[in-house]
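As structure tokens, the structure follows; a few thoughts come after it.
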Amino acid sequence: MGLLGRLKEGLAKTRGLLAEGTRGLLRPGKAIEEGLWEELEELLIEADVGVAATQRLLEVLKEEARRRDLKGAEDLYPLLKGEILRTLKPCEAPFRLQKERPTVVFVVGVNGVGKTTTIAKIAHRYTSQGRRVMVAAADTFRAAAIDQLQIWSQRAGAQMVRHREGADPSAVAYDALQAASARGYDLLLIDTAGRLHTKGDLMEELKKTKRVLKKLKEEAPHEVLLVLDATNGQNALVQAKTFHQALEVTGIALVKLDGTAKGGILVAIAEELKIPLRFLGVGEGLEDLEDFEAEAFVEALFSEGGATSKASA
Ligand SMILES: Nc1nc2c(ncn2[C@@H]2O[C@H](COP(=O)(O)OP(=O)(O)O)[C@@H](O)[C@H]2O)c(=O)[nH]1
Ligand SMILES: [Mg+2]
């Protein structure tokens, strides 16, 4: 399946809610009147677009409708699609390796969001391109977490640095960076623990690991990649704010976009955080990782694919 195909498939449920919902609402024959705005507002909120983005989208649409003296709701549909694209576009900044080796990616996020899986997918992408990838098991909280990363790195063809369970995460990260630098690895991905973000000590521990990396190499980490689970909806936004405040997140991977109708959260993230969206996760396999491209995303989101589609003109 092609790139856009997989993305389209992953976004099926979000599309059902957001695109088919708005197409149903903004259909030919329906007039622009007060009730319509309320219905549209409800729909956008339900699709997890978030309060801030919803309010702004409505303002822009109302203003355009006034300015152009629009009467039919169907004229709002392309405007909405265009405005969502404009909101997402500034966050389009795909992940790239640095010229100097290794590019260091510090991967953070709440427990269970998909950090380890995403690391495996990124590792796989680069080993497939002939790059040398190292992963660091700095989630030392449970032995099972270390073993899980080991299995994934083997499958992805990446080298792994591990210490025993309960070891100091900073020490693992430090050793890995030293090894990756000495041996000329292209990419170092650091896995971390994600016990509840409400516990202050997790943030302190992560901050410490970041400091330790910096001590060894001024530019490291090149990326603080926050993994967010799309199925968490608005809660993902809350997590993002907490992590960003503590760690200055430089990139986001939004995963589990498959099988959720909450893909609209991407619009909320773009509206409120303006942090580059590096990756989209659309499944549990090594290949299920996409770069975020605003046009492709909006196309996939508003396409009329599937059995329920009408023939497009
Ligand atoms: N459907 C789906 N599941 C995912 C995706 N990414 C991760 N998962 C699943 O989420 C669960 C937790 O992932 P894991 O990487 O262990 O999370 P971590 O605790 O943050 O390291 C696993 O069952 C993964 O298979 C995704 O993009 N789509
Ligand atoms: Mg993990």
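The values are calculated or read from the model by the stated rules, or taken from the named source; none is laboratory data. These numbers were taken from a predicted model, which means no experiment stands behind them. We place every Cβ from the backbone using ideal geometry, glycine too, and count neighbours over all the protein chains shown. Side chains included, ligands, DNA and RNA excluded: accessible areas come from the protein's heavy atoms. Shrake-Rupley method; radii C 1.70, N 1.55, O 1.52, S 1.80 Å.
A few comments on the model shown:
- Answer residue from the stretch 150-172, given it is surrounded by fewer than 21 Cβ atoms within 10 Å (Cβ to Cβ) and assigned to a helix (DSSP H, G or I) and is farthest from the chain's Cα centre (by Cα) among those: A171
- Of D147, D175, D201, all but one fail to be surrounded by fewer than 18 Cβ atoms within 10 Å (Cβ to Cβ), in a helix (DSSP H, G or I), acidic (D, E) and within 15 Å of ligand 1 (Cβ to nearest atom); the exception is D147.
- Selection within the stretch 96-119 - under 17 Å from A193 (Cβ atoms), more than 8 Å from ligand 1 (Cβ to nearest atom) and among the aliphatic types (A, V, I, L, M): V105, V107, V108
- Checking each residue in the stretch 207-238 for being without any contact (Cβ under 8 Å) to a residue 60 or more places away in the chain, part of a helix (DSSP H, G or I) and open to solvent by 10 Å² or more (accessible area, probe 1.4 Å) picks out K207, K208, R211, V212, K214, K215, L216, T231, N235, V238.
- Breaking point among (1) modelled with pLDDT of 95 or more; (2) out of contact with any Leu (no Cβ under 6 Å at 6 or more places or on another chain); (3) open to solvent by 20 Å² or more (accessible area, probe 1.4 Å), for A307: (1)
- Filtering R155, R162 for residues that are touching a helix residue (DSSP H, G or I) at 6+ places or on another chain (Cβ under 6 Å), within 16 Å of ligand 2 (Cβ to nearest atom) and touching a residue at least 24 places away in the same chain (Cβ under 8 Å) leaves a single hit, R162.
- Subset tally (residues that are open to solvent by less than 60 Å² (accessible area, probe 1.4 Å), touching a Leu at 6+ places or on another chain (Cβ under 8 Å) and under 21 Å from L88 (Cα atoms)) for the stretch 23-44: 3
- Condition met for A138 (open to solvent by 10 Å² or more (accessible area, probe 1.4 Å), under 26 Å from A230 (Cα atoms) and either over 21 Å from the mean Cα position of the chain (by Cα) or within 16 Å of ligand 1 (Cβ to nearest atom) (or both)): no
- Selection from the stretch 45-54 of residues that are surrounded by 14 or more Cβ atoms within 10 Å (Cβ to Cβ) and either of a type in the set (G, A, S) or in a helix (DSSP H, G or I) (or both): I45, E46, A47, G50, V51, A53, T54
- Members of the stretch 64-90 found to be among the aliphatic types (A, V, I, L, M) and free of Cβ contacts under 8 Å to residues at least 24 places away in the same chain, listed by number: L79
- Filtered residues of the stretch 101-128 (kept if assigned to a loop (DSSP other than H, G, I, E, B), open to solvent by 10 Å² or more (accessible area, probe 1.4 Å) and more than 19 Å from F292 (Cα to Cα)): R101, V110, N111, G112
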